[in-house]
Amino acid sequence: MNGHGVRKSRLFTSVACAAATLFLSTPALADATDDLEARIAALESMIGELRGELQAVRAEQAATADTIERLPAAAPAPAATAAPAAAPANGFQVGDTRVSIGGFVDADYHVTDISDGEIAPNSIARDFYIPGAIPVGGSGDGGADGDFTAQGSRFFLTTETPTENGSVRGRIEMDFLGSPGGDERVSNSYNPRLRVAWLEHGHWRFGQDWSTFQNTSAIPESASFLVGSDGMIFVRQPQLRYTNGNWQLAIENPDTTVTPYGGGARINAGDGALPDVVVRYNHSGPRGNLSVAGLVRNLAYETPGMDASAMGWGVSASGRLNLGEGSDIRASLTYGEGVGRYIGLNAVNGAVVTAAGDLEAIPVLGGLAAWRQMLDEDRRINLGVSWLEADNDVTLTGMSATRSVRSAFANYMVDIAPRVTVGAELLFGEREIESGATGSLSRITFSTKYNF
C-alpha cells in the first residue's frame, strides 16, 4: 500500500473511533457534566488534528498531479500491423494501383459562315476546323450558322502499378466529339468516343495513342478544339512503340485512303498486312524541343478484280521554341508521298488508282507556324498560319481533287480563375480544287474551359 493509502486508512480509523467514543459514552454524560465537557474538548482536539492531516493529504495529491502533467507523454506502443498508405494527392489507391482522374469541361459557341455550299448541322466540321470539309462550287444560304456545344469536354483515367520488374502505367481518354448518338433537337445527348487507350511497361507502349510521327507540343493553343490543322500532323491510332532515350520506333495502323480513278468519293481501303513504320528522334532543352521523324508505308487496295500496292513515305520536323515568360513559337514542316491521312486531317488521300489498276502515291507538302505571346500572368494572344499543297496528277484524280488548303487564326485567352480559361478566336480557312475553284470558311468562337 502506498503513502496515500496509509494516510487515508488512518484518517478513516480515527473518525470511526471518535464516533464510537461519542455514542457509546452518551449515558454517562447525563450523570457527569464535567466529564462530558472534558470529553467534548478532547473530541474537538482530535477533530482539529484530523483536519490538519486531511489538508496535508490533499496538498500532497495536488503536487503529485502537477508532476504527472509535466512529465513527457509516453511513446505509443508500436502497431501490430503497418497502417495503409495514404492516398496520393492527385488520385486514390486501389490495392497496389494508384488511380488518377482528370480532364476538362469545354463549352463553345461557334458562328460559321461558308462561302460555297453548306456543312450539315450534325457534321463534326461544325464543331472544329476540318479543312477538307470546306465546300467548293456550291451556293451558300447567305447567312451564318451558330452552334453551342459541349462535346469537346474530355475526361481521362491514368493508372500506375508497381511490380518487381518496374511500374506498369495505363491511360484511357474519352470525349464526345463526332458522336453519332445525339442531336440538337431536345437533349443533346452524345456518346463518349475513345481517344486514347494504352499501357506502358519499361520501354514499350501498347495500344492507341498519338502517332509517333506527330509532335503534340507543336499544336497551337486554341479557343476551339483545333486550329491550324491544314499542314499539321494529327493522328491517333493503335500502335506498338519502343522508346529508348531520345529515339522512338513504332509500328502503327496501316489504313490506306484512296481516290478512285478519275476522282470521286474517298475509299478507306483498310487493306494490306504490313503496318506503317515510324522512326523518330527527340531533342529537348531549356529553349524548347525539336523532333525529326520518318514514316514508311505500304499502301494497299484490293477489289475482286484488283490487287494493287505502292510505297509511301514522309519526313517531318516539328517542335516548340520557348521565348521566355510563357511565350513561344510552335512550328512543323512535312513532306512526303502517300502520307495522306497523317496530315491536314486527310484533306488529301494517300494514293489514287491509275487507269491500269495500280496505285500511285500522292505527294504533299505542308506546315504550320504559330506564335504565343503572354501579355501578363493571365492573358495571352495566339497567332498562326497553316497550309497544305498536293501535287495531283489530274488525269487520275480529276479536277475536283483538293489542290491546297490554308488558314490563318488569332485568339485572345484569359485565365479568369484557377483552371478556368475563357477565349475568343477568329479563323479564316480556304480550300482550292484542281479546277481553280475555291471555297472559304469564316468562324468566330467563344469558349469557356474548366480543367480538373
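Residue pairs whose Cβ atoms lie under 6 Å apart, sitting 6 or more positions apart in sequence or on different chains, and linking a residue in segment 202-216 that is touching a residue at least 40 places away in the same chain (Cβ under 8 Å) to a partner that is part of a strand (DSSP E or B) and of a type in the set (Val, Ile, Thr), are 203/243; 212/278; 213/233; 213/278; 214/233. Within segment 388-402, being of a type in the set (S, T, N, Q) and buried (at least 21 other Cβ atoms within 10 Å of the Cβ) holds for 392, 397, 402.
If you go through segment 112-127 and pick out every residue that is without any contact (Cβ under 8 Å) to a residue 60 or more places away in the chain and not in a loop (DSSP other than H, G, I, E, B), you end up with 3. The condition of being assigned by TED's automatic domain parsing to the domain that holds residue 116 and surrounded by fewer than 16 Cβ atoms within 10 Å (Cβ to Cβ) holds for only one of 420, 405, 348, 385, that being 420.
Is it true that residue 241 is crowded, with 17+ Cβ neighbours inside 10 Å, more than 23 Å from residue 446 (Cα to Cα) and among the basic types (Lys, Arg)? So residue 241 passes the test. Among the residues of segment 276-286, is any in contact with a Phe, Trp or Tyr (Cβ under 7 Å, 6 or more places away or on another chain) and either among the hydrophobic types (A, V, I, L, M, F, W, C) or part of a loop (DSSP other than H, G, I, E, B) (or both)? Yes.
Here residue 377 does not fit the description of being in a strand (DSSP E or B), at pLDDT 95 or above and among the acidic types (Asp, Glu). The sole residue among 176, 128 that is within 20 Å of residue 228 (Cβ to Cβ) and surrounded by 13 or more Cβ atoms within 10 Å (Cβ to Cβ) is 128. The single residue among 398, 384 that is closer than 30 Å to residue 324 by Cβ and either out of contact with any helix residue (DSSP H, G or I) (no Cβ under 7 Å at 6 or more places or on another chain) or of a type in the set (Ser, Thr, Tyr) (or both) turns out to be 384. Scanning segment 128-148 for residues that are part of a loop (DSSP other than H, G, I, E, B) and among the acidic types (Asp, Glu) yields a count of 1.
Which one of these is aromatic (Phe, Trp, Tyr), buried (at least 20 other Cβ atoms within 10 Å of the Cβ) and touching a helix residue (DSSP H, G or I) at 6+ places or on another chain (Cβ under 8 Å): 225, 213?
213
Step by step: first the residues of segment 311-337, then only those that are hydrophobic (A, V, I, L, M, F, W, C) and more than 10 Å from residue 295 (Cα to Cα), then the one that is surrounded by the most Cβ atoms within 10 Å (Cβ to Cβ). Which residue is that?
Filtering segment 311-337 down to residues hydrophobic (A, V, I, L, M, F, W, C) leaves 311, 313, 315, 317, 321, 323, 329, 331, 333.
Those left that are additionally more than 10 Å from residue 295 (Cα to Cα): 311, 317, 321, 323, 329, 331, 333.
Numbers: 311: 12, 317: 16, 321: 14, 323: 15, 329: 17, 331: 19, 333: 14.
Restricting to residues being hydrophobic (A, V, I, L, M, F, W, C) and more than 10 Å from residue 295 (Cα to Cα), the top hit is 331.
Evaluate segment 306-314: report whether one residue or more is in a strand (DSSP E or B), in contact (Cβ under 8 Å) with a residue 12 or more places away in the chain and under 31 Å from the mean Cα position of the chain (by Cα). Scanning segment 306-314, I find at least one residue that is in a strand (DSSP E or B), in contact (Cβ under 8 Å) with a residue 12 or more places away in the chain and under 31 Å from the mean Cα position of the chain (by Cα), so the answer is yes.
Conditions tested, residue by residue: (1) over 30 Å from residue 321 (Cα atoms); (2) in contact with a helix residue (DSSP H, G or I) (Cβ under 7 Å, 6 or more places away or on another chain).
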{"site": "247", "(1), (2)": "no, no"}
{"site": "251", "(1), (2)": "no, no"}
{"site": "257", "(1), (2)": "yes, yes"}
{"site": "261", "(1), (2)": "yes, yes"}
{"site": "266", "(1), (2)": "yes, no"}
{"site": "274", "(1), (2)": "yes, no"}
{"site": "277", "(1), (2)": "no, no"}
{"site": "280", "(1), (2)": "no, no"}
{"site": "286", "(1), (2)": "no, no"}
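Residues in segment 182-232 that are in a loop (DSSP other than H, G, I, E, B) and either farther than 25 Å from residue 341 by Cα or not assigned by TED's automatic domain parsing to the domain that holds residue 385 (or both): 182, 183, 184, 185, 186, 187, 188, 189, 190, 202, 203.
State which residue is farthest from residue 237 (Cα to Cα) when the search covers only segment 298-310 and only residues that are surrounded by 13 or more Cβ atoms within 10 Å (Cβ to Cβ) and of a type in the set (A, V, I, L, M).
308
Would you confirm, using the coordinates I've provided, whether residue 162 is in contact (Cβ under 8 Å) with a residue 60 or more places away in the chain and under 22 Å from residue 407 (Cα atoms)? Judged against the criteria, residue 162 is not a match.
Going residue by residue through segment 157-172, is there one that turns out to be assigned by TED's automatic domain parsing to the domain that holds residue 128, among the small types (Gly, Ala, Ser), in a loop (DSSP other than H, G, I, E, B) and within 24 Å of residue 225 (Cα to Cα)? Within segment 157-172, none of the residues are assigned by TED's automatic domain parsing to the domain that holds residue 128, among the small types (Gly, Ala, Ser), in a loop (DSSP other than H, G, I, E, B) and within 24 Å of residue 225 (Cα to Cα).
With assigned to a loop (DSSP other than H, G, I, E, B) and of a type in the set (Gly, Ala, Ser) as the only criterion, which of 423, 436, 384 stands out? That would be 436, the only listed residue that is assigned to a loop (DSSP other than H, G, I, E, B) and of a type in the set (Gly, Ala, Ser). Taken over segment 263-297, the criterion of being loosely packed, with under 15 Cβ neighbours inside 10 Å and farther than 27 Å from residue 215 by Cβ is satisfied by 264, 265, 273.
The values are calculated or read from the model by the stated rules, or taken from the named source; none is laboratory data. Computed from a predicted structure; not experimentally measured. We place every Cβ from the backbone using ideal geometry, glycine too, and count neighbours over all the protein chains shown.
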